[in-house]
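These notes are about the structure you will find just below.
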Amino acid sequence: MSKLILNRRKLLRAGLATAATLPLAGCDAFDFLTDRSNPVREWMISINGLTYRAQRALQAADQLAPEFSQADIRQGQKPNGSTDPDTPDYLSLKEKSFADYRLEVDGLVEHPTRFSLDQLRNMPSRTQITRHDCVEGWSTIAKWQGVPLRQILDQVGVKPAARYVMFHCYDALSRSLSGIELYYESIDLIDARHPQTILAYAMNDAPLPVANGAPLRVRVERQLGYKMAKYIRRIELISEFSQVGGGKGGFWEDRGYEWYAGI
Ligand SMILES: Nc1nc2c(c(=O)[nH]1)N[C@H]1C(S)=C(S)[C@@H](COP(=O)(O)O)O[C@H]1N2
Ligand SMILES: [Mo]
């Protein structure tokens, strides 16, 4: 254990010494900071408490999360959080195998639109095998297929005032004194337009199971699991999230988690 820490320290010191001798502006030598497995970057993020803006500056907007091969899928996707929503709206949709499901996209858009599952399935799709990291410390690799969110956004036309995409879900993880609190999450437009950000309707070559968010859940591959809203009811384009829910941008954020959960 102590050996491990020592090696890690050495590595960090070496990395920082190098970093200190480099000019800061637009230098290729800082490319190591965009490597997710680089210990110096990891150190800078965890110990120095890099802010969302700094992380955004270090990471290219379209930089891809690692993708894997079929052989890397060694286990099922462990269902977590809500796994069988019991809100009346959801139960009546599930009863009819989601035939009546419509994804609502509205808020700061030119053309508020409702999409049926068939419409979504008939749009060009993206398939990716990626690793899901939960804040609890486990990860799993699975194959996801869905519509790139970017396509939906282009179709509805995002108004210039929009800054975030808010996902409103069907499930309630807790009942508070003020009533049922539905799960919700938000991401910025950089992640919303990222090529790997998809509205997934299939997992491991089968329709998305209820336990994993049927009929539709989002994949945001550069962030932790809690950002990836399942059971999506509505996508709302907004300029601020301070007025929604507890004001921190998501169900778990309202309970103390980071809004930007970069991996
Ligand atoms: N609507 C909704 N989305 C959710 C959750 C939830 O409880 N409700 N849990 C989150 C957490 S903490 C994780 S790790 C993943 C779990 O996704 P999975 O069930 O497909 O593994 O969903 C995320 N999205
Ligand atoms: Mo999670």
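Throughout, read-outs are computed from the coordinates displayed, never taken from laboratory work. Just so you know, these numbers come straight off a predicted model, no measurement behind them. In this analysis, Cβ positions are derived from the backbone assuming ideal geometry, glycine residues included, and neighbour counts consider all displayed protein chains.
Would you pull out the residues with amide H under 5 Å of Ala202's amide H, same chain only if 5 or more places away, H placed 1.01 Å from N?
Here the answer is Gln145, Leu208, since their amide H atoms fall under 5 Å of that of Ala202.
Test of understanding: ordering Arg163, Arg175 by Cβ neighbours within 10 Å, fewest first, what list do you get?
On the way: Arg163 15, Arg175 9.
Least crowded to most crowded, the residues run Arg175, Arg163.
By counting other Cβ atoms within 10 Å of each Cβ, how are Thr140, Thr127 ranked from fewest to most?
Numbers: Thr140 17, Thr127 13.
Neighbour counts put them in this order, fewest first: Thr127, Thr140.
Could you run the Karplus curve 6.51 cos²θ - 1.76 cosθ + 1.60 with θ = phi - 60° over the stretch 103-117 and give me ³J(HN,Hα) per residue in whole Hz, x for Gly and Pro?
7, 8, 10, 8, x, 7, 10, 6, 10, x, 9, 10, 10, 7, 5
Once you have a ≥ b ≥ c as the square roots of the Cα gyration tensor eigenvalues for the stretch 66-255, tell me rounded if a/c is under 1.5, and otherwise prolate or oblate according to whether a/b is larger than b/c. Don't jump to the answer; show the numbers that get you there.
On the way: a/c = 1.27, a/b = 1.14, b/c = 1.12.
Rounded shape, in that the Cα axes give a/c under 1.5.
Using amide H atoms built in the peptide plane, which far-off residues or other-chain residues are under 5 Å from Arg163 H to H?
Amide H neighbours of Arg163, under 5 Å, 5+ apart: Ile238, Ser239.
Along the stretch 210-222, what does the Karplus equation 6.51 cos²θ - 1.76 cosθ + 1.60 (θ = phi - 60°) give for ³J(HN,Hα), rounded to whole Hz, x for Gly and Pro?
Result, rounded to whole Hz: 4, 4, 9, x, 3, x, 8, 9, 9, 10, 10, 5, 9.
5 Å is the cut-off here: which amide hydrogens, built 1.01 Å from N in the peptide plane, fall below it relative to Ala214, excluding neighbours closer than 5 in sequence?
Amide H to amide H, under 5 Å and 5 or more residues apart or across chains, Ala214 pairs with Tyr231.
Quick one: Tyr183, Tyr201, fewest Cβ neighbours within 10 Å first, how do they rank? Can you show the working numbers first?
Numbers: Tyr183 25, Tyr201 21.
In order of increasing Cβ crowding within 10 Å: Tyr201, Tyr183.
Based only on the alpha carbon positions, what is the Kirkwood hydrodynamic radius of the stretch 180-224, in angstrom?
On the way: mean 1/r = 0.0850 Å⁻¹.
11.8 Å is the Kirkwood radius here.
Rounded if a/c is under 1.5, else prolate if a/b beats b/c, else oblate: with a ≥ b ≥ c from the C-alpha gyration tensor eigenvalues square-rooted, which is the stretch 75-183?
Numbers: a/c = 1.43, a/b = 1.15, b/c = 1.24.
Rounded is the answer for the stretch 75-183, as its axis ratio a/c remains below 1.5.
Can you give the relative contact order of the stretch 66-255 as a percent, counting alpha carbon pairs under 8 Å and 6+ residues apart?
Details: 393 pairs, mean separation 48.8, N = 190.
That works out to 26 percent.
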